[in-house]
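Participant: Provided herewith is a single structure, encoded as structure tokens, for subsequent inquiry.
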Amino acid sequence: MVIGGGVNGVGVARDATMRGLRVALFERNDLAFGASGNSSGMIHGGARYLVDDPAVTETSCRDSGHIQSIAPHLLFRIPFLFPIERSSHSRVMLTLVDAFFQAYDEYQPLKRGKPHARLKADELHQLEPGLRGDLEGGVSFDEWGIDGARLCTANALDAKERGAKIYLGTTIEHIERREDGRVVAVCYRDLRNGRTGKIGTSAVVNATGAWAPITAALSGLPAHTARVRPGKGIHIAYDRRLTNYAIAARTIDGRQIFIEPWQNMTVVGTTDDDYYGNLDDVVANAEEVRYLVQGIARVFPAITAARPIYTWAGVRPTLHAYGKLEDKLSRDHQIIDHAKHGTRGMWSMIGGKLASYRLFAEEMTDVLGRYFGLPAECHTHRTHLPGGDEVIDPFALAERLAVDAVAARRLVYRHGSRARRIEERILEAPREASVVCPCEPVLEAEVRHAVVEEMARSVDDVSRRTRLGLGACGGMRCAARCGQIVAEERGLPPSVGRDLAMRFLVRQSRTRACALGPEQARQEALAIATMRSELGVDAVELDAQAESEPR
Amino acid sequence: MKRVLVIGAGFAGVAAAVAARAEGAEVRVVGTAVGASSSWPGACDDEPWDERERAAGLVGAALVMPDIDAEERALLEALGLHVPEGGSPLPLVAATSGRLRSTLAHDRALLDLGRCEGRVVLVPRASRASWDADTLVLALTEEAARRGLDVELAVCELPVLRYDDERRAHDADIAARHDEAARRDWLVERLRPGIERVGRDQAALLLGPWLGLVRERASELEERFGLPVGEALAATASTVGIRFEGARAALLAREGVALVEGKATRVLAGGRRLRVELAGADALEADAVVLATGGLAGGGIVYQPTEYAAGPEGAEASRSPFRLSLELAGSLVAVEGARRSVGSMFGPDLGALAWPRPAAPGALERVGVITRGTEVVPRVHAAGDVVAAEPRTVLRALRSGLAAGRGAARSVVEA
Ligand SMILES: Cc1cc2nc3c(=O)[nH]c(=O)nc-3n(C[C@H](O)[C@H](O)[C@H](O)COP(=O)(O)OP(=O)(O)OC[C@H]3O[C@@H](n4cnc5c(N)ncnc54)[C@H](O)[C@@H]3O)c2cc1C
Ligand SMILES: Cc1cc2nc3c(=O)[nH]c(=O)nc-3n(C[C@H](O)[C@H](O)[C@H](O)COP(=O)(O)OP(=O)(O)OC[C@H]3O[C@@H](n4cnc5c(N)ncnc54)[C@H](O)[C@@H]3O)c2cc1C
């Protein structure tokens with residue numbers, strides 16, 4: 001029984017299923033709803049651990065290489081610039097940084113990365129003219145980007161297709177133990193219709209990230225037996241690619257932040273603050289936005305005139321330790337066997353990264369294998385994720401479907417060879433080639449595919465899987481239609497579809513409001529007028545947590 | 001003759017011009033850039049329709065047309081709207097989102113489903129991002145049933161797109177093609193067989209916002225088919241607003257009001273006459289000014305956070321992040337309710353206040369210039385969305401425009 005549909009949970013579900021275990025996964029919200037879908041979207045090699053913990057760097061790089069070979073369609077290269085401002089010690093600094101990345105170069109081949117380059121100030125300016133004037137020099141280095149939600153979806157799909165049961169929108173409320181402490185069952189509740197039930201099990205994996213202490217407590221153990229230090233991080237998305245290089249910068253308190261080109265937009269991130277609020281409703285606020293923008297503006301001043309279109313926030317399940325600053329805490333992972341707390345057959349997975357999820361899952365499944373006396377070996381690094389087996393030519397696809405080349409390219413990015421399945425839908429029902437979200441763009445067939453094949457149940461879910469509604473219009477052009485399609489596919493009345501659309505629109509608006517700039521503010525006022533005119537603000541209580549489906 | 005200068009040519013500006021003219025003033029209107037009225041989707045309310053329906057629902061009242069002043073009615077009609085008789089049921093227009101909503105008056109091309117009772121409303125398929133006949137029919141069927149409206153909606157395969165590029169073209173481009181008689185003949189020709197199958201007295205036709213750009217062509221099609229024909233309401237990038245611009249030009253020409261293209265940058269209210277400076281053109285003088293520059297959506301109010309474009313050093317000074325799109329000494333732009341200064345460099349916390357909730361408009365809808373009556377500063381009157389805390393609706397803009405136009409013309413006489 002796996003609890004949590006983040007990258008660690010789906011990773012274990014996949015691995016355990018492949019090794020012949022019978023697996024059920026429960027996710028309280030949606031796949032990638034937590035940290036996994038709200039990260040910086042980088043499969044980095046863990047360069048920051050190079051000094052304290054080079055083993056982490058090595059495993060990160062090696063596993064990054066594995067992810068690349070099992071899901072090549074999901075990765076894209078993000079070259080970084082690391083500029084150094086001129087100061088009394090900047091020359092020493094540059095030498096140190098250069099040496100540091102020289103050490104990192106050793107691991108780069110593991111993840112097919114390019115070696116770093118030491119750059120003079122004018123070379124930096126040539127590469128990125130938006131960089132601020134007075135620089136000593138800097139280095140370039142190489143990382144990979146990934147869409148965390150797609151990574152989770154691919155793993156969950158694979159597990160499901162191999163026989164795992166996946167329950168989304170279903171929370172675990174209680175973990176039952178026998179007298180002797182052995183886990184025997186979990187009790188769940190479907191959060192949409194309130195239905196409850198109980199399923200027998202002999203092993204429970206708590207992969208609930210920042211929720212882990214809450215989950216551990218469901219079995220009657222004290223929460224601190226699966227303690228995490230919850231570190232909230234936010235990101236700001238801008239409407240286009242402002243740079244072609246990611247740029248590392250520093251905040252006023254010396255923390256490292258970045259601006260990165262990510263898919264069709266630019267992302268600024270990230271903060272790291274202890275967070276004790278509601279984990280099911282984490283949003284960025286204006287203070288966090290200003291703190292980041294101020295830091296980026298020092299190296300990339302044009303950021304203050306750019307157009308932010310939304311923000312997102314997640315909570316890192318960092319390993320708990322007293323005394324260190326949040327930033328210094330290791331992102332390394334750890335498996336807690338709760339046998340030592342008197343509960344047998346339950347483990348908590350704490351920490352981890354997108355980059356090393358597969359390895360973490362492998363370690364966890366090894367533990368399960370030993371527990372069940374199962375000899376089977378791990379194959380997850382050699383078996384393609386769904387869509388990773390074959391490269392599809394987007395231009396040929398565009399031609400066959402008579403759709404935009406951009407639309408086809410995006411399809412291939414998200415689905416790899418599984419884009420074929422969407423193609424099949426369109427060949428069967430040519431009307432499904434029509435565009436639902438013009439910003440991304442997303443075709444009707446992909447929306448239906450997300451509902452039928454990828455377990456999406458709401459507009460929010462479709463958006464997580466397809467990036468629908470994440471353009472500058474905030475979903476005003478597509479949410480209503482997407483809601484109708486979701487409702488239709490799920491056999492629900494259109495009014496439910498409309499409520500799903502409203503919930504998405506309202507939730508997205510909350511993520512934008514804290515980062516408004518001049519242009520987006522006007523767009524926002526237009527969006528409000530549009531929503532009033534077409535849907536009405538009173539159609540749904542504007543509370544993102546409100547239940548919208550009939551019990 | 002006294003001169004009144006109106007800044008802004010949306011519903012409020014046009015109404016102000018007409019009213020000032022009626023008072024005998026010489027009137028000029030500056031500004032033709034896109035505002036709320038030129039992206040307006042065609043429904044006309046006094047208070048937001050969702051609020052109206054919520055209030056009516058609470059007391060179980062029927063949705064009927066209130067009595068409208070003759071001057072307002074004439075003006076709405078001149079601007080291309082259909083205005084029902086007082087006491088009749090409110091029109092129900094279909095939004096492309098699948099909602100059926102009431103409205104007081106509406107652009108003539110919009111289809112009132114209340115007029116289609118007992119009929120089958122045909123909704124043709126078209127492969128366009130903004131038009132999904134299938135989901136629209138499902139949603140509208142549920143909405144009609146909820147309202148107890150006796151109409152049947154049906155998807156049909158009748159061709160409405162003629163050329164392949166129309167799958168991707170903007171609504172306005174398709175609308176413009178329907179300004180050509182030949183295209184309308186083509187449409188009538190293509191649709192007739194399908195309609196005749198259902199029966200002329202039993203069918204109605206709901207299309208996207210495509211029926212004419214220079215002016216609406218739904219009435220003509222209605223006549224030729226002999227049944228109700230009209231558009232659905234599309235609130236993003238609507239074509240109705242472009243038709244408004246056409247109707248506006250005709251009306252102002254009829255009234256003898258000059259429409260000057262340009263952007264006002266400053267109103268100087270010091271001297272005997274007011275001076276209005278324009279970007280890239282000579283300043284204009286007037287005895288009174290009407291500020292009808294629209295709200296945040298229309299461009300009359302500008303949001304500029306203190307740190308915007310400030311460079312690495314950050315904000316220069318603490319100031320309100322909202323201001324008018326032109327300089328006017330003595331004016332105050334505020335989010336009513338948060339009018340007091342706030343203890344932040346950055347103004348009110350928009351993260352919490354920007355969006356509306358049921359029965360509570362959001363800050364971005366409320367923000368505007370503070371007036372006493374219609375007056376901002378002596379001889380400068382304001383109307384429409386630019387005024388703080390007024391509902392952002394066409395009828396309010398029109399009404400306040402008439403009042404401000406009159407006020408401006410009279411303030412001159414009194415002076
Ligand atoms: C701001 C930020 C930036 C990051 N950037 C990167 C990066 O660039 N690269 C990188 O490799 N890593 C990055 N990380 C780290 C990485 O995202 C996380 O460590 C990783 O995703 C953790 O995955 P997880 O599965 O453990 O937790 P999560 O993804 O948080 O999943 C936990 C899931 O459990 C569910 N759940 C909770 N309680 C219950 C219950 N009772 N029943 C059922 N389900 C439940 C939740 O809904 C949630 O979906 C970042 C993290 C953050 C927050
Ligand atoms: C998407 C949308 C849906 C809507 N739906 C409805 C509805 O269903 N029912 C309803 O009743 N109302 C609706 N409205 C609201 C309605 O359209 C507005 O309330 C009304 O049009 C406001 O008119 P106005 O003249 O005050 O402002 P605007 O129409 O915004 O006109 C202001 C004009 O002033 C110009 N201007 C600004 N600054 C300057 C300057 N410095 N110099 C020169 N010119 C300047 C602008 O360019 C603009 O043309 C909707 C609006 C939008 C945008």
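Participant: Where a ≥ b ≥ c are the square roots of the eigenvalues of the C-alpha gyration tensor, would you call region B:41-237 rounded, which needs a/c under 1.5, or, failing that, prolate if a/b is larger than b/c, or oblate? Walk me through the numbers on the way to the answer.
Facilitator: Working: a/c = 1.71, a/b = 1.42, b/c = 1.20.
Here region B:41-237 falls in the prolate category.
Participant: Starting with the fewest neighbours, write out B:R254, B:R379, A:R490 ranked by other beta-carbon atoms found within 10 Å of each beta-carbon. Numbers along the way, then the final one.
Facilitator: Numbers: B:R254 10, B:R379 21, A:R490 16.
If I rank by nearby Cβ atoms, fewest first, I get B:R254, A:R490, B:R379.
Participant: Pull out the extension gain between A:E287 and A:Q334, defined as 0.36 nm times the separation in residues minus the alpha carbon to alpha carbon distance; nm, one decimal. Don't skip to the answer; put the middle values down first.
Facilitator: Details: separation 47, 0.36 × 47 = 16.92 nm, distance 3.25 nm.
Length gained, A:E287 through A:Q334: 13.7 nm.
Participant: Stretch B:A309-B:T265 to full length: gain in nm at 0.36 nm per residue minus the Cα-Cα span?
Facilitator: 13.8 nm
Participant: What is the P(r) of region A:435-548, as percent of Cα-Cα pairs per 5 Å bin from 0?
Facilitator: 2, 13, 24, 25, 20, 11, 4, 1, 0
Participant: Between B:E375 and B:E71, what FRET efficiency follows from the Cβ-Cβ distance if R0 is 25 Å, with the result rounded to 0.05? It would help to have the intermediate numbers written out before the result.
Facilitator: Working: r = 21 Å, r/R0 = 0.85.
Here the calculated transfer efficiency is 0.75.
Participant: Okay, moving on. Nearest 10 degrees, 0 to 90: what angle lies between the long axis of helix B:394-414 and the longest principal axis of chain B (Cα atoms)?
Facilitator: Once rounded, one gets 30 degrees.
Participant: Place a label point 7 angstrom from the Cα of B:D179 along the Cα-to-Cβ direction, then list the residues of region B:191-227 whose backbone nitrogen is under 12 Å away.
Facilitator: B:212-217
Participant: Assuming R0 = 25 Å, can you tell me the calculated FRET efficiency for the pair A:R192 and A:I214, based on Cβ-Cβ distance, to the nearest 0.05?
Facilitator: Working: r = 20 Å, r/R0 = 0.81.
Taking R0 as 25 Å, the efficiency between A:R192 and A:I214 is 0.80.
Participant: Add +1 for every Lys or Arg and -1 for every Asp or Glu among the other residues with Cβ under 15 Å from the Cβ of A:Y104, and state the total.
Facilitator: Details: positive: A:R48, A:R62, A:K111, A:R112, A:K114, A:R118; negative: A:D52, A:D53, A:E58, A:D98, A:D105, A:E106, A:D142, A:E143.
Overall, the nearby charge balance is -2.
Participant: Given +1 on the Cβ of Lys and Arg, -1 on the Cβ of Asp and Glu, and no further charges, what dipole in debye does region B:204-357 carry about its Cα centre, rounded to the nearest 20? Don't skip to the end; give the middle numbers.
Facilitator: Working: 16 positive and 18 negative charges, 62 e Å.
Computed charge dipole of region B:204-357: roughly 300 debye.
Participant: Are there any GluC sites (Glu not before Pro) in region B:122-161 that are in a DSSP loop and have at most 12 other Cβ atoms within 10 Å? List them by number. Could the numbers behind the result be given before it?
Facilitator: Values: sites: B:E142, B:E143, B:E152, B:E157; in loops: B:E157.
Of the GluC sites (Glu not before Pro), the ones in loops of region B:122-161 whose Cβ has at most 12 other Cβ atoms within 10 Å are B:E157.
Participant: In nm, to one decimal, how far is the A:R182 label point from the A:S69 one, both placed 7 Å along Cα→Cβ?
Facilitator: About 4.0 nm, to one decimal.
Participant: Which helices, taking whole DSSP H runs in chain A, have alpha carbons extending 18 angstrom or more along the helix axis plus mean Kyte-Doolittle at least 0.5? The partial results should precede the final answer.
Facilitator: On the way: long enough: A:54-70 (24 Å, -0.38); A:90-105 (22 Å, 0.58); A:148-161 (20 Å, -0.19); A:357-372 (22 Å, -0.13); A:494-513 (28 Å, -0.47); A:518-534 (24 Å, -0.72).
Within chain A the helices that satisfy the rule are A:90-105.
Participant: Can you give the longest stretch of chain A with no exposed loop site, where a site means chymotrypsin sites (Phe, Trp or Tyr not before Pro) in a DSSP loop (not H, G, I, E or B) with at most 14 other C-beta atoms within 10 Å? The partial results should precede the final answer.
Facilitator: Details: sites that count: A:Y276, A:Y322.
With a cap of 14 other Cβ atoms within 10 Å, the longest stretch comes to A:1-275.
Participant: Using a Förster radius of 41 Å, what is the FRET efficiency between B:R200 and B:A359 based on their Cβ-Cβ separation? Nearest 0.05, please. Working shown, then result.
Facilitator: Values: r = 45 Å, r/R0 = 1.09.
FRET efficiency, B:R200 to B:A359: 0.40.
Participant: Given the protein assembly as shown, what percent of its DSSP beta bridges are antiparallel, to the nearest 5?
Facilitator: Antiparallel bridges: around 65 percent, rounded to the nearest 5.
Participant: Then there's this: Would you mind working out the magnitude of the charge dipole of region A:435-548 relative to its Cα centre, with +1 at each Lys and Arg C-beta and -1 at each Asp and Glu C-beta, to the nearest 20 Debye?
Facilitator: The calculated dipole for region A:435-548 is roughly 240 debye.
Participant: Does region B:311-415 classify as rounded, prolate or oblate by the C-alpha gyration tensor (a ≥ b ≥ c root eigenvalues; a/c under 1.5 gives rounded; else a/b over b/c gives prolate, otherwise oblate)? Before the final figure, lay out the partial values.
Facilitator: Numbers: a/c = 2.85, a/b = 1.50, b/c = 1.90.
Verdict is oblate for region B:311-415.
Participant: Can you list which of the trypsin sites (Lys or Arg not before Pro) found in region A:1-79 are DSSP loop residues with at most 16 other C-beta atoms within 10 Å? Walk me through the numbers before you get to the answer.
Facilitator: Values: sites: A:R14, A:R19, A:R22, A:R28, A:R48, A:R62, A:R77; in loops: A:R19, A:R22, A:R28.
When the trypsin sites (Lys or Arg not before Pro) of region A:1-79 are filtered for loop state and at most 16 Cβ neighbours within 10 Å, A:R22 remain.
Participant: Another one. Rounded, prolate or oblate: pick one for region B:231-275, where a ≥ b ≥ c are the square roots of the eigenvalues of its C-alpha gyration tensor, a/c under 1.5 means rounded, and failing that, prolate if a/b is larger than b/c, else oblate.
Facilitator: Working: a/c = 4.29, a/b = 1.97, b/c = 2.18.
Judged from the Cα gyration tensor, region B:231-275 comes out oblate (a/c at least 1.5, b/c at or above a/b).
Participant: Take the cross-link list A:K198/A:K232; A:K232/A:K353; A:K114/A:K232; A:K111/A:K160 and give me the ones stretching past 24 Å between alpha-carbons.
Facilitator: Beyond 24 Å: A:K198/A:K232; A:K114/A:K232; A:K111/A:K160.
Participant: Next question, about the same structure. Using the crude model of +1 on Lys and Arg Cβ and -1 on Asp and Glu Cβ, and no other charge, please compute the dipole size for region B:41-237 relative to its Cα centre, in debye to 20.
Facilitator: Charge dipole, region B:41-237, about its Cα centre: 700 debye, nearest 20.
Participant: May I ask for the angle, rounded to the nearest 10°, between helix B:133-146 and the longest principal axis of chain B, with both axes built from Cα atoms and the value confined to 0 to 90°?
Facilitator: Roughly 80 degrees, rounded to the nearest 10.
Participant: So how far apart, in nm, are the two label points at A:K165 and A:V51 if each is 7 Å from Cα heading toward Cβ?
Facilitator: The two pseudo-label positions are separated by 5.1 nm.
Participant: Tell me the label-point distance for the pair A:H224, A:R86, using the 7 Å Cα-to-Cβ offset, in nm and rounded to one decimal.
Facilitator: Label at A:H224, label at A:R86, 5.3 nm between them.
Participant: Among the trypsin sites (Lys or Arg not before Pro) within region A:96-174, which fall in a DSSP loop and have no more than 16 other Cβ atoms within 10 Å of their own Cβ? Intermediate results must be reported in sequence, preceding the final value.
Facilitator: Numbers: sites: A:K111, A:R112, A:R118, A:K120, A:R132, A:R150, A:K160, A:R162, A:K165; in loops: A:R112, A:R132, A:R162.
Filter output for region A:96-174: A:R112, A:R162.
Participant: Here is a further query. Please compute the length gained on full extension between B:V342 and B:A249, using 0.36 nm multiplied by the number of residues separating them and subtracting their Cα-Cα distance. Can you show the working numbers first?
Facilitator: On the way: separation 93, 0.36 × 93 = 33.48 nm, distance 4.29 nm.
Residue separation times 0.36 nm, minus the Cα-Cα distance, leaves 29.2 nm.
Participant: Then there's this: Which residue fluctuates the most in chain B, going by a Gaussian network model with Cα springs under 10 Å, if the choices are B:D107, B:D164, B:D173?
Facilitator: Per the Cα network of chain B with a 10 Å cutoff, B:D164 tops the list.
Values quoted throughout were computed directly from the atomic coordinates according to the rules given, and no laboratory measurement underlies them. What you see is a predicted model, and the numbers here were worked out from it, not measured in a lab. Cβ atoms come from the backbone with ideal geometry, glycine included; neighbour counts cover every protein chain shown.
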